[in-house]
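The values are calculated or read from the model by the stated rules, or taken from the named source; none is laboratory data. Here the structure is a predicted model, which is why all the values come from computation and not from measurement. Here the Cβ positions follow ideal geometry from the backbone for every residue, glycine too, while neighbour counts run over all protein chains shown. Each accessible area value is taken on the protein alone, full model and side chains, heavy atoms only, with ligands, DNA and RNA left out. Shrake-Rupley method; radii C 1.70, N 1.55, O 1.52, S 1.80 Å.
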Amino acid sequence: MLIYIARRVLAVAPVLFGVTLAVFSMLFLVPGDPVKIMLAEFVTTPEQIARMRAQLHLDEPVLQQYGRFVGNALRGDLGTSIRSRRPVTQEIGDNLASTAQLALASMAVAVALGIPLGLIAALVRNSWLDVASMGVALLGVSMPSFWLGLLLIFTFSLHLGWFPATGGGDFLHLVLPAVTLGAIASAIIARLTRSSMLEVLGQDYVRTARAKGLAGWSVVLRHALKNALIPVLTIFGLQFGNLLAGTVIVETVFSRPGLGRLIVGGILAKDFPLVQGTVLFVATVYVLINVIVDVTYAVADPRIRLG
Amino acid sequence: MRLSHMRWVGAVAAVVGLVLAGFPAGAADTPGTLVIGLDQEPPTLDPHASPSAVTYQIIASVTENLLYKGRDGKLQPWLAESWSASKDGRSVTFKLRRDVKFHDGTPFNADAVKFNFDRIVDPKFKPGSSRAQIAGYAGSKVLDEFTVQVSFETPYAPFLTYAAAGTLSLVSPKAVRESGDQVHTRPVGTGPFMMKDYVAKDHATIVKNPAYNRKAPWSERSGPALLETIIWKFIPEAGTRVATLESGETQGIYLVPAQSLPRLESSKDMRVDRMPWPGVPRIWLLNTTKPPLDDVKVRRAINFAVDKEAFLATVYKGTGLKAFAPLTAVMLDEPSLRQAFAFDAAKARDLLGEAGWAPGADGIRTKGGQRLEIILNAIEYGGGADPTAQLIQASLRDVGVDVKIKAQARPPWYEDNYRCATHGPVMFLRATDPDGLYALFHSSLVGQNFNWSCVKNGKLDQLLEQGRRESDPVKRRAVYLQIEKLALDEALTVPLVDELAVWAFRANVQGVKYNFNAYPVLSDATTTRR
C-alpha cells in the first residue's frame, strides 16, 4: 500500500513540472510587451516601465526567470499582485475558505442528488421514472451554469425571496451557488451511478444475496451500491476539477468571494502575477485531490493496487 | 440501526429548519442603511494609489479635497477657504479651513496637505492616476499652519481642477504612517462618512462621521450625514445586480444594463439617474498617418457618414447622448461644435468622390484599382467585437467604404495602437480637465497613451501647451475651444457617444447628489420606509 501511495505521489512531479511550465509561459504567449499591457491604464513614463520590468525580473534570461519562478513557488512565494500590491499568497489565503466551502457544499449537493437519482433509474430501468431521471440528468449536463444560476436567482431570490442573490458568509448565501454547481455535477454522477449499478445488479453475488432471502433494500444498499460506487469515486476527482472551473462562473454570477473571482479579476486587470500564482495554486490542489482519490480508490478496491 | 438512521435524518432536518428560520427571508431594509451594488471591486481604496473610478465612487463622501467641482463645473472652496494662483502660473497658494479634523482625530493643516502631495511623488510609493495629475510637481511650502503653497516646475493650470478630483483627496498623515498598507482598505479622511470595514470580493462599509459639523459643498445644510451606514456590494454580473435591486437586497445599483432600463423606468418603485461622464466621449481615433486616412477629405467623409442616432437607438438605448467633439458636452459645449458634422450620407459620398474614390462594381469605392478599405481596431470581449464597431461598419458600407473589424484581445489591441498599425481604435477617456486632450493629441505621445490618431501637428501642440499654462478660466475655455475646432476641422476623430453614468435607486432613496466626476455624494441621502 505504501509503495502504491509513494508511486502515485512520485507520478505527480512531472505533472506539476508541466503546470509550472504552462503557467510561466503564459507571460510570453500573450502577444505584446507584458509590462506595457499591465500598465496600459496608467499614464506611464519610460522609467516606470523600466522599473516594473526590473521588479518582475523580465530583464533577465528566460531560464533564469523560470528558475526564480519555480524556486519562489517552492518556498511559498507566488509574487505580488500588480493591482492590489499584496502578496499573491495572501490574496489566495483570503479567498480560499469561501471557495472550499462552495466546492464542498456543491459536492454534497451533487452526491445527495446524483446517487439517489442514478440508483432509482437503475432499479426501475426502462420505466418512465428511469427516463425522467435520466432526462433531468441530461438537462443538468447540458445546462450552462451561469444560466442555471440566473434562473435560480430569478426564482428563489427575486420572486420567492427565500435566499439572497449575492455575497458570501452564512449558510443562506451558500445555498443557491452550491445548488447551481452541484446540480450540474450531480447529472454526471447520476448517469455513472446508473450504469455502474446496472452492471453490479447483474452479478452473481447479488443473485446469491437475494437467494439468501435478504430484503430488497438491503441487497441494493449494502451489497450492490457499495461496489457500484467504486467507479463513481474516480469521477469525484475529475468532477472536482470541473467544480473549480465552475467557481469562476458561479462566483461571478452570485458575486461571491473566492478563487474563481480572484482569477477573473486578475485576468480583467491584466494582473499577471496574480493569475499565474492562483492558477498554479488551483492546479496543484487539483492534482493533489486526484492523488487522494487514487489512494482512496485503492483502499476501497484492493484489486487496484495489483494493477 | 434503522431507527438511529431515522433519528440522524430527523436531526439534520431540524437543524436545517432552524437555520432557515433564523434568517429573515430576503434582506430586510434596516432604517438608516443604504445598500448599493457596484459592478466591480476597487483595486484599492487609497485615493492616491487607485487607477479606477470605482474607488472614488465609494470614497467620494469619505475623503475630501482642497476644492470642489460641482455639476455646474465651477470650482468652490472645500477644505481650502480660498486660493490664488501665482502670476507665472507655477504655484497655487491655498488658505485652509481651521476647523477640520481627520477621522482619527488628528488636525487637518498645511503640513497634512504637503504630506499628501509629497507622498504621491515619493519614489517608494506606487501611485495610480494621481501621479499624472500633479505632473511636474516641484514641492509644497508650508507658509503657516493653515497656508500652503503648491509649486510646479512649469506652469500647470490643470492642477486646480485636479485639486478638486478624488485622486488628489487628502488622507490623514498619521494613519498613513501608522497603518501602512491598511490605507488600501481603510483611507482615513475628513468627510461626512468614515470607512468601517472592507471585505474583499464582497462589500465595503462606510458609516456616518458624527463629528462632521460643516456644510458639505454639495449640501444646503451643516451637520453630519443623514444615513447611518452605506454598504457597497460588489456584484459583477449585471443580471444579478438588477435582480438584487428588484428584490430589495440592494436599494441602488450602478451600471444599469441598457436592456433593463425600460423595465426599471416604468416601475414606480424605481428611479434612474443619468450623469454625463466628463472627459473624452466614446470616440474613434482616426489614424491620420495610414492611407487612405491621411487624406482629410476621407476623414471628413467618414464623419458625415457615421449615423450616431443608430448608436443611441440600438446599443446605447438611454445610456448615452450624441457626441459632437473630442470633449464631452459637459466639459465644453458650444453651438458651433454641435453643427460640425451632422449625419449626411450624400455629403460623405461627394467628399469621397472629390478625393478620387469612385463607386466600384461591388458597391465599395475604388481608386487606381485599390478598394476603399479601413481596418478598425476593436477589442474582442469574448462575445465578438464591440457592437459599436459593427454599427460603424454598417454606416460606412452605405457610402462605399469597406470596414474590416480587427477584433483582438486587449494586449495586441494596445500594441497596434502604439504602432499606428490600423486605422485606429474606438476608445474613451475619463478626465475632469480639458487637459485630457493633451494625452490624445500631443505629438510627444504618439506610440504611447493615448495619441492613437498618431497626429503630429505643431499648431495643436502649441495650443495644448498653452492650455496647460493659461490659468484664467475664460481664456482657457477659448484655448480648448480652438483645439476642439482644429481637431474637428482636421477630422482627427469621429466622436460617437457621450456616455452616461447610469444609477438606479429604489424610489424611497432620496437626496442622492453627484459631483462633477459623476460620482454620488451621499451625506444628504435618506431612505424612508414604504
Being buried (at least 16 other Cβ atoms within 10 Å of the Cβ), in contact with a helix residue (DSSP H, G or I) (Cβ under 9 Å, 6 or more places away or on another chain) and more than 14 Å from every other protein chain (Cβ to nearest Cβ) narrows it down to one of A:Val141, A:Val200, so name that one.
A:Val200
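Per-residue answers, yes or no, for (1) surrounded by fewer than 20 Cβ atoms within 10 Å (Cβ to Cβ); (2) part of a loop (DSSP other than H, G, I, E, B):
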{"site": "B:Lys347", "(1), (2)": "yes, no"}
{"site": "B:Leu352", "(1), (2)": "no, no"}
{"site": "B:Ala361", "(1), (2)": "yes, yes"}
{"site": "B:Ile374", "(1), (2)": "no, no"}
{"site": "B:Asn377", "(1), (2)": "no, no"}
{"site": "B:Ala389", "(1), (2)": "no, no"}
{"site": "B:Ile392", "(1), (2)": "no, no"}
{"site": "B:Ser395", "(1), (2)": "no, no"}
Qualifying positions in region B:107-144 - free of Cβ contacts under 8 Å to residues at least 40 places away in the same chain, surrounded by fewer than 18 Cβ atoms within 10 Å (Cβ to Cβ) and not in a helix (DSSP H, G or I):
B:Pro107, B:Asp122, B:Pro123, B:Lys124, B:Gly136, B:Gly139, B:Lys141, B:Val142, B:Asp144
Just to check your reading of the model, which residue among B:Trp232, B:Trp218 is within 14 Å of chain A (Cβ to nearest Cβ) and either surrounded by 23 or more Cβ atoms within 10 Å (Cβ to Cβ) or assigned to a loop (DSSP other than H, G, I, E, B) (or both)?
B:Trp232
Extreme residue, surrounded by the most Cβ atoms within 10 Å (Cβ to Cβ), among residues of region A:145-164 that are more than 7 Å from chain B (Cβ to nearest Cβ) and free of Cβ contacts under 8 Å to residues at least 24 places away in the same chain:
A:Phe163
Among the residues of region A:260-273, the number that are in contact (Cβ under 8 Å) with a residue 40 or more places away in the chain, open to solvent by 10 Å² or more (accessible area, probe 1.4 Å) and either part of a helix (DSSP H, G or I) or small (Gly, Ala, Ser) (or both) is 5
With respect to B:Ser266, determine if the residue is more than 13 Å from chain A (Cβ to nearest Cβ), under 30 Å from A:Ser255 (Cβ atoms) and open to solvent by 30 Å² or more (accessible area, probe 1.4 Å).
yes
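Taking the conditions exactly as written (over 15 Å from A:Pro116 (Cα atoms) and touching a strand residue (DSSP E or B) at 6+ places or on another chain (Cβ under 7 Å)), does A:Thr166 satisfy them or not?
When the stated conditions are applied, A:Thr166 passes them.
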The conditions are (1) within 20 Å of the chain's Cα centre (by Cα); (2) under 30 Å from B:Val474 (Cβ atoms), and B:Ala342 fails exactly one of them. Which is it?
(1)
Could you tell me which of the residues B:Ala487, B:Ala431, B:Ala504 is modelled with pLDDT under 95 and within 29 Å of B:Ala313 (Cα to Cα)?
B:Ala431
Of all residues making up region A:165-197, the number that are open to solvent by 50 Å² or more (accessible area, probe 1.4 Å) and farther than 29 Å from A:Leu129 by Cβ
3
Selected residue (only one of B:Asp416, B:Asp435 is buried (at least 19 other Cβ atoms within 10 Å of the Cβ), within 14 Å of chain A (Cβ to nearest Cβ) and farther than 30 Å from B:Phe516 by Cα)
B:Asp416
So which residues in region A:165-182 are within 7 Å of another protein chain (Cβ to nearest Cβ) and among the polar types (S, T, N, Q), if there are any at all?
A:Thr166
Counting only residues in region B:445-464 that are at pLDDT 95 or above and part of a helix (DSSP H, G or I), the one nearest to the chain's Cα centre (by Cα) is identified as B:Leu464
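Helices (runs of 4 or more DSSP H) wholly in region A:1-85 with at least 2 residues that are out of contact with any Pro (no Cβ under 6 Å at 6 or more places or on another chain) and open to solvent by 70 Å² or more (accessible area, probe 1.4 Å) - which ones?
A:2-29, A:46-55, A:62-74
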